[in-house]
Amino acid sequence: MDERYDLSDIAMMTGFTTRTLRNYMSQGFLKGEKINGVWRFTADDLDAFFSEPFVKESLRVKRSAAVFDFLADRAKKTERICVILDIPASMGKGNRISAFFCEKMREASDASFTYDWDKGVCRVILNGAADQVGGLIEAYRGVDLG
């Protein structure tokens, strides 16, 4: 399966704004192809992007901030959950996992996720309403991404 991502998918999984991603594109860190007026990116494009040392450090900071912000917010009005999934996976399986969560997040109204693959481990951080995050985990557990 040839996963294809758009700018909003990459923004969703990295926490970067689409404007920041466009800046990365102009600097040559993120490469893609414009198809029918929409930027599209392959799994290989993302792998190269995530491997850039500058981008890797920015992603580390974003992931840490997602967890820290969750822990720092003591004024939650509803039941919230933050889950970190570390999944030993090949790069190919990691790409299928990221595509799965990108698709599922389009249906979530009160949840977010970040994604990273490094040294054989796919890390997914899910954050949001407990029922939605629980549903995402349940959906992930019920699918074979082999």
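Restricting attention to the stretch 117-135 and to residues that are more than 20 Å from D73 (Cβ to Cβ) and crowded, with 20+ Cβ neighbours inside 10 Å, the residue that is modelled with the lowest pLDDT turns out to be W117. Counting the residues of the stretch 104-134 that are within 20 Å of Y5 (Cβ to Cβ), aliphatic (A, V, I, L, M) and touching a residue at least 40 places away in the same chain (Cβ under 8 Å) gives 4.
The values are calculated or read from the model by the stated rules, or taken from the named source; none is laboratory data. Small disclaimer: the values here were computed from a predicted structure and weren't measured. Glycine also receives a Cβ, built like all others from the backbone with ideal geometry; neighbour counts cover every protein chain displayed.
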